[in-house]
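Written below as structure tokens is the structure these notes are about.
We did not get these values from a lab; they are worked out from the coordinates using the rules stated. This is a predicted model, so every value here is computed, not measured. FYI the Cβ positions are ideal-geometry reconstructions off the backbone, even for glycines, and counts take in every protein chain you see.
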Amino acid sequence: MSIQTIGVIGAGQMGNGIAHVMALADYNVMLTDVSQDALDAALNGIQGNLARQVSRGKISEEAMAGTLARIQTTLSLADLGATDLVIEAATERESVKQAIFEDLQPHLQPHTILTSNTSSISITRLASRTDRPERFMGFHFMNPVPVMQLVELIRGIATDQATYEACQQVVARLGKTAASAEDFPGFIVNRILMPMINEAVYTLYEGVGNVQSIDQSMKLGANHPMGPLELADFIGLDTCLAIMNVLHDGLADTKYRPCPLLTKYVEAGWLGRKSQRGFYDYRGDVPVPTR
């Protein structure tokens with residue numbers, strides 16, 4: 001099928017990034033959220049990110065104007081029913097995602113493909129709660145969406161080949177690279193990345209190194225562009241903990257046990273950059289390690 005219109009559910013960091021790249025690739029986008037403030041903030045963020053791309057010579061002023069013109073916003077989930085492809089990018093809680101798909105279902109066209117940007121929740125289980133498990137799959141972008149070149153495409157047990165190929169064509173039109181993953185906890189990227197971050201937190205917890213020495217060691221000793229604790233703050237410590245719990249519960253292996261220190265930071269509300277404190281304190285001009 002030919003996909004021309006994209007519905008994006010959730011106007012947060014991932015949702016506005018997805019809307020940005022889709023509209024830039026000439027898709028008509030309908031972006032929805034439960035909050036008008038979130039939608040307004042998303043449009044402002046997209047405009048700012050596009051302006052940055054213009055200033056760096058990556059896109060033209062005309063491309064920026066066209067991209068913004070192709071994005072519409074709505075507070076009504078039902079308005080997304082007319083789109084060809086829906087990408088859900090709401091909170092990483094399965095109950096929230098299931099409720100969204102349940103509310104959206106009566107408004108969908110027969111051919112509409114449903115996808116989720118989930119980083120770890122079972123695609124097969126999400127699909128089973130809809131009327132179209134064969135036209136449901138995981139469409140997992142990396143953060144920040146306009147910059148990162150990878151998209152994980154995750155097939156549930158019922159996903160048909162036509163749905164997979166349609167989503168693969170969308171990724172190609174974005175100029176990104178698709179990696180095919182099977183529907184197991186964490187898929188590929190987070191199955192490998194999150195245990196590394198969790199191990200870095202254990203290294204901190206056990207006093208092997210402090211925040212600065214751990215991050216410096218991985219940047220200078222393993223050539224990582226960002227240290228694991230700095231990266232955890234960027235992702236959000238609550239998200240890291242949620243994914244570790246999915247891995248631990250889904251794979252039943254003690255090597256995926258979340259570090260107690262990670263849990264403690266989340267309990268304190270120190271979630272990283274978005275709350276101004278995590279493994280670093282971001283309230284001043286320069287981030288300062290908190291341990």
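Neighbour counting of Cβ atoms within 10 Å sorts the residues 192, 123, fewest neighbours leading, into 192, 123.
The value of relative contact order for the chain, using C-alpha pairs under 8 Å at least six residues apart, is 13 percent.
Pairs spanning more than 26 Å between alpha-carbon atoms, out of 58/219; 58/176; 219/274; 219/255: 58/219. Normalised by 2.2 N^0.38 Å, with N the number of residues, the alpha-carbon radius of gyration of the stretch 189-259 equals 1.07.
Every helix of 4 or more DSSP H residues in the chain counts as -39500 (n - 2.57), and over all residues that averages to -14000 deg cm²/dmol at 222 nm.
Which one, (i) -0.20, -0.27, -0.36, -1.07; (ii) -0.26, -0.35, -0.46, -1.09; (iii) -0.29, -0.38, -0.49, -1.04, gives log10 I(q)/I(0) by the Debye sum over Cα atoms at q = 0.06, 0.07, 0.08, 0.14 Å⁻¹ as derived from the coordinates shown? The value computed from this structure is option (i).
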